[in-house]
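All remarks here apply to the structure that follows.
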Amino acid sequence: MLNRFPVWKNVLIVTVVVIGLIYALPNLFGADPSVQISPLRNAKIDKTTVVRIEEQLDEAGIEPLGIEFGANRLLVRFQDTESQLKAADLLRADMSGQYTVALNLAPATPGWLQAIHAAPMYLGLDLRGGVHFLLEIDMDAAIKQAEERYTADVRSQLRAQKVRYLSVSRGNGFIRIKFKDAQNLAEGEKVISDEFRELIVSQGTNDNELIASLSDNEKGEIRKFALAQNITTLRNRINELGVAEPVVQQQGDNRIVVQLPGVQDTARAKEILGATATLEFRLVDTEHDVLNAVKTRAPIGSRLYYERNGNPILLKRRIIVTGDQIVDAASGIDQQSGSPAVFITLNGVGAKKMAKITQKNIGKPMAVVFIENKTETRIVDGRKVRKKKKVEEVINVATIRDSFSKRFQITGLDSTTEARNLALLLRAGALAAPVDIVEERTIGPSLGKDNIDQGFLSVMVGFVVVLIFMAVYYRVFGLVADIALAMNLVLIVAVLSMLQATLTLPGIAGIVLTVGMAVDANVLIFERIREEIRNRNSPQASIFSGYEKAFSTIFDANVTTLIVAFVLFGFGTGPIKGFAVTLSIGILTSMFTAILGTRMLINLIYGNRRVGQLAI
């Protein structure tokens, strides 16, 4: 009896191991301290930008390792952190307002590995260093904003239905509507009850007065929306920081955890997370002279703005629709002109407002105003000074050709990239409610490096001890198990890298546990082979029986552990999930290497010849 695998199975095992080695390689090259430069709005990155950066760095005596073009960004690599920080301060002072300058750690993976999309696995906050924020959402402010919206909408609806009222005002948690007489009160109550089912309407303490308040269900929906919208918005903003694997997740009913591995500039992270942005749609004032408004002041009922090209423009003070009434936005191409466009969908209230205004103003121009509140950090006399800045600019002016309401499009944008960015801003550009940073922790790169060194040491100590024991106790078979164990570690790292998963300290603990579990499978197989030999079976039959009879035991043990890992991943939080991920991957790779990998090597050593005894 001979033990041998078919050729296809040998080829499959070798192919998997080779692919694993290739995709695990990027983790050996480390990362370079870098500065990432991204354009804001209509700014562009081209060769002129590169020359400008090179000249600045040369004048300051800073020598970069290289400058690379990325996906609409520029990456400048440096030899050490000191050069990186000096360059970041220099570039930020010169390019602020047009570009975002952020610190980053860029993988030093060779080009040939990048060409096949081989990248190192991400390191968590505890290994790479970075910042941890706990943000608390001001839910009272979210409810207040909703009440203010409903106050304006109730006023507009009563006016549209021609119901006379004396006043509509917001009180402390309610909306008070006063009418002239009982007939108007009855009409108003019917309009509000029909149009605003989210409001609970009741009689006020005074005559001819209604009190409208948000229902508990509506308040709950507002809180859920504020939390979900803020999480989405924060994720989009973090992209500007160039963070490889950020963690943005809900904690409780009103808190959000944000972890930014590799971020060294805490002030910059705060600026991005706390910024606010929105849009306003206004009619253009064509009745007054804009140049006269520039020289003196804007007329009553109008306000002076500026377009992106610097041209002044007069807009009506009355806002038609704001960004928070947009429920969806998608970028695309205008079929008539072929220019970039953003297709917008409004909610019911916004659609009614837009329909009413556009119907009355066909042939007149309407403008889109982009408003952004942000904080800039500048170096003044060697100290960082934070200054709040409000940017208001007209990004689009178009003539109203026909009446429209719920769906319409914005054109006149500079590029498809700007259209995508604007659509993203409209979908999740503004925070639904203010957030406060209630907890902030910074983990330095040196502490992260210590964690990596200790974690690596723990894996290596466990690995070496197991190697020695297996080689001494099981001789040739033990050496085969050692080779399989090494391949198992390589495959775990390769899979983590291919999935672009995040490795944390608990994840390293999962790898250490996997080392022991991988050997367990080989111990079961080898002991079964020794038992078959004691039963006076031939060496080849003992090998065959050992692998066949031990398989069911190994499979059952690993499946139960895999179920536990899935439960941990499903119900656990960040660190527990990291442990569960590496444990799950380790179980699958250890079964592959311990059963198929060792069997192939044993077949190559003993399978094709007759032997008197086995070195086990």
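Read the figures in this text as sums done on the coordinates, not as results from a lab. What you see is a predicted model; the values in this text were computed from it and never measured. So basically every Cβ, Gly included, is an ideal-geometry build from the backbone, and we count neighbours across all protein chains shown.
Apply the Debye scattering formula to the chain, with a single equal point scatterer on each alpha-carbon and no solvent, then give log10 I(q)/I(0) at q = 0.08, 0.09 Å⁻¹.
-0.77, -0.90
Kindly flag which residue pairs out of 295/390; 178/353; 180/352; 316/390; 356/406; 162/406 have an alpha-carbon separation exceeding 18 Å in this structure. Can you show the working numbers first?
Details: 295/390 22 Å; 178/353 23 Å; 180/352 26 Å; 316/390 20 Å; 356/406 11 Å; 162/406 23 Å.
The pairs that break the limit, which is 18 Å between Cα atoms, are 295/390; 178/353; 180/352; 316/390; 162/406.
Return the percentage of antiparallel bridges among DSSP beta bridges fully within the chain, rounded to the nearest 5 %. Could the numbers behind the result be given before it?
Details: 94 of 98 bridges.
Looking only at bridges with both residues in the chain, the antiparallel portion is about 95 percent.
By average Cβ neighbour count within 10 Å, what is the ranking of 509-518, 534-543 from highest down? Could the numbers behind the result be given before it?
On the way: 509-518: 20.4, 534-543: 15.8.
Per-residue mean Cβ counts within 10 Å order the peptides as 509-518, 534-543.
Per the Kirkwood definition applied to all pairs of different Cα atoms, how many angstroms is the hydrodynamic radius of segment 95-144?
Values: mean 1/r = 0.0642 Å⁻¹.
Averaging 1/r across every pair of different Cα atoms and inverting gives 15.6 Å.
Would you mind computing, in nm to one decimal, how far apart the modelled labels at residue 535 and residue 164 are, each placed 7 Å from Cα along Cα→Cβ?
So the two model labels end up 10.3 nm from each other.
When Lys and Arg each count +1 and Asp and Glu each count -1, what net charge do the other residues less than 12 Å away from residue 363, Cβ to Cβ, add up to?
Working: positive: 360, 364, 401; negative: 402.
Counting the neighbours of residue 363, the net charge comes to +2.
Summing Lys, Arg as +1 and Asp, Glu as -1, what charge do residues with Cβ under 12 Å from the Cβ of residue 521 carry, residue 521 excluded?
Working: positive: 528, 599; negative: 520, 527, 556.
Here the charged neighbours net out to -1.
Between residue 416 and residue 297, what is 0.36 nm times their sequence separation minus the Cα-Cα distance? Round to one decimal in nm.
On the way: separation 119, 0.36 × 119 = 42.84 nm, distance 3.62 nm.
Separation in residues times 0.36 nm, less the Cα-Cα distance, equals 39.2 nm.
What is the extension gain from residue 456 to residue 115, computed as 0.36 nm multiplied by their sequence separation minus the C-alpha to C-alpha distance, in nm to one decimal? Could the numbers behind the result be given before it?
On the way: separation 341, 0.36 × 341 = 122.76 nm, distance 2.84 nm.
Separation in residues times 0.36 nm, less the Cα-Cα distance, equals 119.9 nm.
Which value in nm describes the separation of the simple spin-label points at residue 287 and residue 186, placed 7 Å from the Cα toward the beta carbon?
About 3.9 nm separates the two model spin labels.
Can you show me the helix-derived [θ] at 222 nm for the chain, built from DSSP H runs with n ≥ 4 at -39,500 (n - 2.57) apiece and divided by the number of residues, rounded to the nearest 500.
Numbers: 17 runs with 295 residues, N = 616.
Computed mean residue ellipticity for the chain: -16000 deg cm²/dmol.
So which trypsin sites (Lys or Arg not before Pro) in segment 575-616 end up in coil per DSSP with only 12 or fewer other C-beta atoms within 10 Å? List each step's numbers first, then the result.
Values: sites: 577, 599, 609, 610; in loops: 609, 610.
Sites meeting the loop and neighbour criteria: 609, 610.
Among the helices of the chain (complete DSSP H runs), which have Cα atoms covering no less than 24 Å along the helix axis and a Kyte-Doolittle mean of at least -1.0?
Numbers: long enough: 7-24 (26 Å, 2.08); 139-160 (31 Å, -0.81); 216-238 (33 Å, -0.87); 445-498 (43 Å, 1.57); 505-534 (44 Å, 0.88); 539-571 (47 Å, 0.96); 574-591 (26 Å, 1.23).
For the chain, where a helix must reach 24 Å along its axis and average at least -1.0, the hits are 7-24, 139-160, 216-238, 445-498, 505-534, 539-571, 574-591.
So which trypsin sites (Lys or Arg not before Pro) in segment 98-203 pass both tests, a DSSP loop state and at most 16 other Cβ atoms within 10 Å of the Cβ? Walk me through the numbers before you get to the answer.
Details: sites: 128, 144, 149, 155, 159, 162, 164, 170, 176, 178, 180, 190, 197; in loops: 162, 164, 180, 197.
The qualifying sites are 162, 164, 180, 197.
Excluding residues on the same chain fewer than 8 positions from residue 144, give the aspartates and glutamates whose Cα lies under 13 Å from its Cα.
218
At 0.36 nm per residue, minus the direct Cα-Cα distance, what do residue 197 and residue 335 gain on full extension? Give it in nm, one decimal, please. Each step should come with its number before you reach the end.
On the way: separation 138, 0.36 × 138 = 49.68 nm, distance 3.90 nm.
Using 0.36 nm per residue and subtracting the Cα-Cα distance, I get 45.8 nm.
How far apart, in nm, are the 7 Å Cα→Cβ label points at residue 407 and residue 475?
Inter-label distance under the simple model: 7.8 nm.
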